[in-house]
Amino acid sequence: MQHPNPAAAPNEPSPSTQVSPNPKSLSCQVHANHLTQTPIPIFTYGTLMAPSFLAWLLTGTALNAPTIQQRQIPAVLTGYKRVYVHGGDYPALIPSHNAADTVKGFLVYLQSEDELRKMDNFEGEVYRRVMVEIVREDGERVEAWAYVWDGGVEKLREEEWDFGWFDRERLEDWLDLFEGMEMV
């Protein structure tokens, strides 16, 4: 694979490939000809909006929810919809035919490649990680990863997924189900 900017040194990221969501705390590295940045911006919009569940995923225990909650920044994604998956408690993020549609969620800056790997493994094969532009509550636009549905549309319901319902009715069951497991 050719380096994206032949004029750049092989171990230096190309300026055209850098995303700088938070320049004060951003460090960049190149691994196997692709840019890795730390922290890594991720947009969460479903079950992982629950601090306790995201804490379980990233740290192995829901007890770290207060620390994880401090890393969550309210944000909005435009041009997408969040809908129920048939037979599931979790949503699918899909592009919308209406550019005015929005999805509320959280921007979370992952602290390591290990955290990103855990996210990828959790989301599995029916979600594809793509770069999207979100708007933080302070108005700042940020490029972030989001997991977009890559399964069949026949598996989706038109109804908008409700985080409040998940938080009230299903979160404790999910925490019980995953208790003692650790993502790798």
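The values are calculated or read from the model by the stated rules, or taken from the named source; none is laboratory data. For clarity, every value in this text was computed on a predicted model and none was experimentally measured. So basically every Cβ, Gly included, is an ideal-geometry build from the backbone, and we count neighbours across all protein chains shown.
Do we find that TYR84 is over 13 Å from the mean Cα position of the chain (by Cα), buried (at least 19 other Cβ atoms within 10 Å of the Cβ), under 22 Å from ARG157 (Cα atoms) and not basic (Lys, Arg) in this structure? Please lay out each step first, then the result.
Details: over 13 Å from the mean Cα position of the chain (by Cα): yes; buried (at least 19 other Cβ atoms within 10 Å of the Cβ): yes; under 22 Å from ARG157 (Cα atoms): yes; not basic (Lys, Arg): yes.
For TYR84, the condition - over 13 Å from the mean Cα position of the chain (by Cα), buried (at least 19 other Cβ atoms within 10 Å of the Cβ), under 22 Å from ARG157 (Cα atoms) and not basic (Lys, Arg) - is met.
Listed by first and then second residue, the pairs with beta-carbon distance under 6 Å, at least 6 apart or on different chains, first residue in region 64-76 and closer than 19 Å to TYR45 by Cβ and in contact (Cβ under 8 Å) with a residue 12 or more places away in the chain, second in a strand (DSSP E or B) and among the basic types (Lys, Arg), are ILE73/ARG136; ALA75/ARG136; VAL76/LYS104. Do we find that LEU63 is at pLDDT 50 or above and not in a strand (DSSP E or B) in this structure? Judged against the criteria, LEU63 is a match.
So, restricting to strands (runs of 3 or more DSSP E) that lie completely within region 96-184, which ones have at least 3 residues that are modelled with pLDDT of 95 or more, hydrophobic (A, V, I, L, M, F, W, C) and within 15 Å of the chain's Cα centre (by Cα)? So that I can check it myself, show each step before the final result.
On the way: elements: 102-110, 127-136, 141-149, 156-160.
Once the strands (runs of 3 or more DSSP E) in region 96-184 are filtered for at least 3 residues that are modelled with pLDDT of 95 or more, hydrophobic (A, V, I, L, M, F, W, C) and within 15 Å of the chain's Cα centre (by Cα), what remains is 102-110, 127-136, 141-149.
For GLN37, are the conditions met, namely being surrounded by 17 or more Cβ atoms within 10 Å (Cβ to Cβ) and either at pLDDT below 95 or part of a loop (DSSP other than H, G, I, E, B) (or both)? Considered against the rule, which asks whether it is surrounded by 17 or more Cβ atoms within 10 Å (Cβ to Cβ) and either at pLDDT below 95 or part of a loop (DSSP other than H, G, I, E, B) (or both), GLN37 comes out as yes. Could you look through region 132-184, keep only residues that are within 19 Å of PHE43 (Cα to Cα) and basic (Lys, Arg), and pick out the one that is surrounded by the most Cβ atoms within 10 Å (Cβ to Cβ)? Selected residue: ARG136.
For region 149-163, the condition of being free of Cβ contacts under 8 Å to residues at least 24 places away in the same chain and within 22 Å of PHE53 (Cα to Cα) holds for at least one residue. Criterion applied to ILE68, ILE73 was being part of a helix (DSSP H, G or I), closer than 29 Å to MET181 by Cβ and of a type in the set (Val, Ile, Thr), and the one residue passing it is ILE68.
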